[in-house]
Structures are given as structure tokens and as C-alpha cells.
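Undergrad: Sharing a structure here in C-alpha cells format.
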């Protein structure tokens, strides 16, 4: 029997490593959002800073292990065999849940998942125990630590409101003081901001971190033989005062003598601080349960009792986690942080929703977002009526944004400035550190995300053109968090029941299922990543002159033509072979092209503002004409894709032999047409345009011939109305696509080709 439970402990250890990897892939990236969004230092530098923070935070996290041991349930009410079932159910559920979210690039909360998994498994095992001894369901309160569990759950969900509100308030005050033109403000003002920010980090991260570490109770001769914890408590005000003065002076030295931005220092320090707070707070989510399982096993072995006779009062005692285990867990977190492709795919949501500039919106507005935006707009209007006019003028002046640096490509510009990035990091780090000091597993995801949303609101990043979309995004993300809690509770309880009733057979089945799902998700994610990397994206046009616009747009048309060529041929092939899977895939691919085209269309405003005076009219008209033709082509392809899919999805009559033969001929003709277009725009050599026009005439003639053939077949053969309509639509939509491509080519040929010379494009462009 001892061997069996030893195997369980080993499985828990393996699951802990797997949980660290999937958990960090989803959660750890949160403390990089602000630094990445501001682009003050390189990604490699940020990763080094974050890695150091994680290493220090891992050592100071032992106090949080109490949550896994006794924070959710009363351990004395359970025997050893039941505790091991609870721990195994939690770990299996956590790995599966987080890996699913990671595979689809969706952020969730590892803290919420672990808390509700513990609650779900403990509740089910408690209910089973109650039913076995014919107790009342009211007795469930004896098994669950309702006071602590309620405190933890309320702390998690209150963090959403608190983080958002404090983030918005601090950002508003910071912006009023420093404005968007903060670089030109008095150096002492920046030094004061930097000093206070670093002091906050120093106190809440370093001091609170040290107090939570195993060294807090140690006496040091340097401190007059006082314990570290007592020294910090007794000299609190003095430490804060000295620290503030020291860091303000250091900040001024950095600003004036070293000529280095203090905001960059704050962002780097904040990244380190948040990484440290993350590891100190969230490490329990990954290894707290396995460590508790290991300590339970050793205590049971020492007792000499049977697994069904040994009660788990031992878990109520405070036991420090071994430092070497914490360091090992920290090392795994750091390696995962550097290597996980899934971690890199989760970060985009937060940055997009907090971007200072207009971006393509990922979320569709809903009635809740519309209601909230309208309500807050009305409240804002009423507040403005009672604010003095001179105060409104002052606020408006502080919120005047500098013109974007057009020398920097838009894709390389920061999503927001250093002030907002600093506030994001400092506020989030402070909130998480406070929670850690009170042994509350505050969700890092909730805090970092909601602070970023609060600062975005205060910074007016949610303008009238974007507010409904971004509020909808926040609602969707929060809805996903609530769903996480529900799924974690139900799934963990279900797995606990399987382990209880099926024993070791149930365990082996679940371990196999976990292995299969993880492997399948890994290869599926890898396949999606490869497809994304291979897929050529459209580039934002950022040239200032007509020559540069023509040159850059040529690259987009080349990419567009490659994709439409592939897509049209796929549709024709799927239609000829009556392959519904190919047609469905084509329909989804059309949506991707539409999305990419939307990016270019949404950027027209910034495109026009970026042009020089000499090119503004000609370049604007040219660019909008190109976009119109691309939209017409995409619309025709979309219509063609939906039509063919609908036909075969409804089980209508297949194409005839002659129709299929003619479509195969059309595929070959179109391939030659598109190959020449792609070659033309790749080389920027428009001398072949006349040849393309000739091929177009041949294609149109061929299409007309096929239409006449179908008319004849319709009169002579017994053909289906649906079949006939489908074939005519394919031919006419293809003709429309060809026509718009030719019109696109004429834009270059007739008006601007003489102005374009690939060897004479302005070097600066």
C-alpha cells in the first residue's frame, strides 16, 4: 500500500512540473505587458530582469503554501487517502484547464483555477463522506473552511474593482502632474515621480518580500540581534523617509548627470518587482498542492497507521517549504518563460485593449458595452457641468498628446508612453505584494489586467471611436474568468469522484488522458504557429511620397494575389471534387483576408496624416482606389465561397462531368493569370502589364464560351436549377474578380507607372 501512495507522490511531482510549465505560459506574461507595450528596452533585457525577479520571488513564497494546506478546507476532517484524492484531482484539472486556455491564446487566472479546484474536489469528497455516514448536508460547513475560503474568494473578485479604480485614480493624478509632454517638464518633477515610484517598489516588494521569506524570523548581529521582521516593523517610518529622499536624489542624478530617463529605470524596476510579486504570490498555484501532498505522505509513513485511519491534522500546522524546492520551481518558471511559444501568444489582448492609438478591434460591441459607455458618458457630462471652466482648461492642456514620430513605423511605436507603463507596474506590484503579506492569493492576471484597463480609461485611450469595442473586450475577458471558476469547480469535483470510486484504475486512465490531451494540444498549437508564420501579412503603408506609397502597396498586392490565387483555386478544386471540408476551410480563410484588409482600411486616417504636402492628394486617391479594388475582389471571393459551401452543405446536385472538366480548365487559366500578376508586383516592373491585359482577354473569352456551353446544356440536358445557378455564379464571380484585378493594374499602368522606379525610391523610405 505504501508503494502505491509513493507512486501517487511521484505523479504529483511530475504534475507539478507540468503545471509550472502550462501555468507560467498563461500567467507569467502578465508582468511583461507594460514593459513590452512601452518598448523602452529590448525584449531580451526585459526577460533577464523578469527572470531575476522570478528567482527572488520564488524564495519568498513559502508563506503562501498555507492556502493549499488549509485555506479552503479543514484538513482534520479528512483522512490521508481522501487528501491524496483531492490533491490529485486538483493537479489533473489544473493542467488540463490551463493547457486548453494556452492552446487558444486565452488569458485566465491560475489563482482562481487552483482555489476553485481545491473547493470543488473538497466539496465532492465531503459530500461522499457525509452520505456514507448518513450525516446532514448542513454538516458540509464542518469540512470546508468557509471563513477563509470566503475571504480568499472575495479578495480575488474584489481585486477586479480595486485594481481598476486605483489604477485609474493614480494614472489620472500622474497625468495631471506630468502631462503627455512629460519629457519637457522640470527635471525635479520627474525625479520626484521616479523617487516615489521606486520607494513604493522598494518597500512593498523588498521589505514585504523579506518579511514573507524564511529569513524574516532570523536574528542578525548587524540589526542589534533583532529579527528582520521586528526591525522592519519598528523602523517603518524611518525606512520609508530615508528611502524616499535617497531615491529622489538618485532619480535626479540619473536624469541630470547621466542623462538617462528615470521612467525607463522605473519600468525596469517595476518589471522586476511585479515578477518578484508574481513568483511570491502565484508559485503556490503550481507547487503548493504537490508539496502539501509530499508532506502528508511523509507524516503518514511516520505514523505507522493505515491510509484510512490517519487524519490530516498535520496540515493545520505551519511548515515551511524547502528552499531547494522553491529554487527548483523558480528555475522551471524561468526556463518556461524564455522558451514557451504559448506564453508569447497570450500577451496581445491586454496591449490591444490599452493601446493609445487606434487599432483593429478584436471584440464586437454588445448591449452591455453600449449601455456602460452611454451611462458613463452621461455621468461625465454632468460632472463637467459642476467643474469650473479654468479647471477643465487645465485638464485639457495636460491631456494634449504630442504628434506621433512619423520617422518610426507605426508597428514599431509603443502602445502607450512611459508614464502609463510605470503606473501599471507600480500599482500592480503594490497590490499583489499587500495581498501576499496577508497570505491572500490575489490573482496576478486580474490585477495586472484591470490596472492596465483603469489606466487606459484615465488616459482617454478609450475614445468615442473605440470605447464600445474595448469595454466589450473587458467584459469578455471577465466573463472568461468567471467561466474558469465554474469549470474548475465542476471538473475538479468530477475527477475527484472518479478517483474515489475507481481507485488506481481511475488514476491510470486519467494520467493517460492527460498525456494524450497535452501531446495533442502541443502539436495542434505548433501546427497553428507554423501556419501563422508562413502566412504573409499585409503591411501598413507608412511612406510619405507617392513613389513610396506605390512601392509599398505593390508588396501588399503581391501578398494579396498569392492568397487570393490560392483561395480561388481551392474553392474551384473543392467545388469540382464536391469536397465540403475544403470549401469550409476556404470560407474560414476568406475571413482572415477580410480581417487583414480591415487593418489597412482602418489605417487610412493615419496614412493621410503621414503624407507630405506634395503627395497628399495623389497618394491619398491612389491608396483609397487600391483599397477599394482589393475590397471588391475580396467581396466577390467571399460571395463565391459562401455560395459553393451552401450548395454542397445542403446536399444539392453535384456538378456534371462537363462542368467539372471546364472548371479544371479554368483553374489552369487562372493560375497563369495570377502567377504573372504576382511576378509583376514582386519585381515592381510593370512592363508586363500589357501581357496581363492580353491574358485577361483570353480568360474573359474562355468564360463567355463556358457560359454559352452551359446555356446549351441547360436547354438540352435534364439539369437542376440549383446546379445551373451555382455554375453560372462561379463563372460570373470569377469574371468580376478578373475585372477588378485588371482595374487595379490600370491604376499603376495608366496614372503612376511612369513615376515609379524601383531603383529611385527615396532611401529614407
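Undergrad: Based on what the data block shows, is residue 125 farther than 24 Å from residue 458 by Cα, crowded, with 17+ Cβ neighbours inside 10 Å, in contact (Cβ under 8 Å) with a residue 40 or more places away in the chain and touching a helix residue (DSSP H, G or I) at 6+ places or on another chain (Cβ under 7 Å)?
TA: yes
Undergrad: Also, I was wondering about something else. Among the residues of segment 309-365, how many are in a loop (DSSP other than H, G, I, E, B), farther than 28 Å from residue 455 by Cα and at pLDDT 70 or above?
TA: Summing the residues that are in a loop (DSSP other than H, G, I, E, B), farther than 28 Å from residue 455 by Cα and at pLDDT 70 or above in segment 309-365 gives 5.
Undergrad: Next question, about the same structure. Show me the helices (runs of 4 or more DSSP H) found entirely inside segment 70-144 where at least 2 residues are within 24 Å of the chain's Cα centre (by Cα) and modelled with pLDDT of 80 or more.
TA: Here the list reads 80-103, 110-132.
Undergrad: Cβ contacts < 9 Å: first residue at negative phi, restricted to segment 507-518; second residue at pLDDT 90 or above and not in a helix (DSSP H, G or I), any location; separation 6+ or different chain. Result?
TA: none
Undergrad: Of all residues in segment 394-416 being assigned to a helix (DSSP H, G or I) and surrounded by 10 or more Cβ atoms within 10 Å (Cβ to Cβ), which is modelled with the lowest pLDDT?
TA: Selected residue: 410.
Undergrad: Could I ask something else about it? Listed residues 282, 302; which is modelled with pLDDT of 85 or more and assigned by TED's automatic domain parsing to the domain that holds residue 35?
TA: So the residue among 282, 302 that is modelled with pLDDT of 85 or more and assigned by TED's automatic domain parsing to the domain that holds residue 35 is 302.
Undergrad: Return the only residue of 695, 730 being modelled with pLDDT of 80 or more, surrounded by 14 or more Cβ atoms within 10 Å (Cβ to Cβ), more than 30 Å from residue 646 (Cα to Cα) and assigned by TED's automatic domain parsing to the domain that holds residue 661.
TA: 695
Undergrad: Could you say which residue among 184, 136 is touching a helix residue (DSSP H, G or I) at 6+ places or on another chain (Cβ under 9 Å) and surrounded by fewer than 18 Cβ atoms within 10 Å (Cβ to Cβ)?
TA: Going through 184, 136 in turn, the sole match is 136.
Undergrad: Please determine whether any residue of segment 166-180 is within 13 Å of residue 427 (Cα to Cα), out of contact with any helix residue (DSSP H, G or I) (no Cβ under 7 Å at 6 or more places or on another chain), in contact (Cβ under 8 Å) with a residue 40 or more places away in the chain and surrounded by 14 or more Cβ atoms within 10 Å (Cβ to Cβ).
TA: Yes, that holds for at least one residue.
Quick grid of which residues meet (1) modelled with pLDDT of 85 or more; (2) surrounded by fewer than 21 Cβ atoms within 10 Å (Cβ to Cβ); (3) within 21 Å of residue 678 (Cα to Cα):
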position	(1), (2), (3)
536	no, yes, yes
540	no, yes, yes
547	no, yes, yes
555	no, yes, yes
559	no, yes, yes
566	no, yes, yes
570	yes, yes, yes
578	no, yes, no
585	no, yes, no
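Undergrad: Say whether the condition of being modelled with pLDDT of 85 or more and at positive phi is met by at least one residue in segment 193-206.
TA: no
The values are calculated or read from the model by the stated rules, or taken from the named source; none is laboratory data. Source: prediction; values computed, not measured. Methodologically, a virtual Cβ is constructed for each residue, glycine included, from the backbone with ideal geometry; neighbour enumeration extends over all protein chains shown.
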